[in-house]
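Step one of this worksheet: look at the structure below.
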Amino acid sequence: MPVRWYSVVVDCADMRAQSAWWAQVLGWVVAYEDDEESTIVPPHALDQARDVPVEERGPGLCFVQVPEHKQVKNRLHLDLAPRVDEDQAEAVERLVALGATRIDVGQADDVSWVVLADPEGNEFCVLSPRD
């Protein structure tokens, strides 16, 4: 029997700030928070929790407080994509206005994605628009 993907965990120097930033970026909501972690989920997931068996619920993003700051490039990153009727450049500029920074991780000049980092330096990509 396969195991269930429960969440993606992000180590943070300031887990509350990171959780709030990513919730704003994704349009998600805080589903759980204590002194050590904060979990965000899509808004519909809170309603689903009442109607969908736990085994069928999608994963959230969990931000965990750690004492050390990020030191090296992530081995795992998130890919974000604007919807088909949205513009990639506008999405990137919105994320930069929220506090993301453009970074170079060695990507070629002609790639179709843009590499950014969140306020704590975690890399993520903004892909071309898609469904």
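The values are calculated or read from the model by the stated rules, or taken from the named source; none is laboratory data. For clarity, every value in this text was computed on a predicted model and none was experimentally measured. Virtual Cβ from ideal backbone geometry, glycine too; neighbours counted across all protein chains shown.
Observations, loosely collected:
- Candidates are the residues of segment 83-102 that are of a type in the set (Val, Ile, Thr) and either at pLDDT 95 or above or outside the structural domain of residue 120 (by TED's automatic domain parsing) (or both); the one that is nearest to residue 130 (Cα to Cα) is 92.
- Positions within segment 59-75 being without any contact (Cβ under 8 Å) to a residue 40 or more places away in the chain and farther than 17 Å from residue 18 by Cα, in sequence order: 72, 75
- Close pairs from segment 1-20: first touching a residue at least 24 places away in the same chain (Cβ under 8 Å) and surrounded by fewer than 12 Cβ atoms within 10 Å (Cβ to Cβ), partner among the charged types (D, E, K, R) and not in a strand (DSSP E or B), Cβ under 7 Å, at least 6 apart: 4/55
- Against the list (1) more than 15 Å from residue 27 (Cβ to Cβ); (2) touching a strand residue (DSSP E or B) at 6+ places or on another chain (Cβ under 9 Å), the condition residue 78 fails is (1).
- Residue match in segment 30-48 (condition: in contact with a Cys (Cβ under 9 Å, 6 or more places away or on another chain), closer than 16 Å to residue 100 by Cβ and of a type outside the set (A, V, I, L, M)): no
- Leading residue by the ranking (nearest to residue 95 (Cα to Cα)) among those in segment 46-82 that are at pLDDT below 85 and among the acidic types (Asp, Glu): 47
- Of the residues making up segment 62-113, those that are part of a loop (DSSP other than H, G, I, E, B), surrounded by 10 or more Cβ atoms within 10 Å (Cβ to Cβ) and of a type in the set (Val, Ile, Thr) number 4.
- Single condition residue 44 does not satisfy, out of (1) within 14 Å of the chain's Cα centre (by Cα); (2) part of a helix (DSSP H, G or I): (1)
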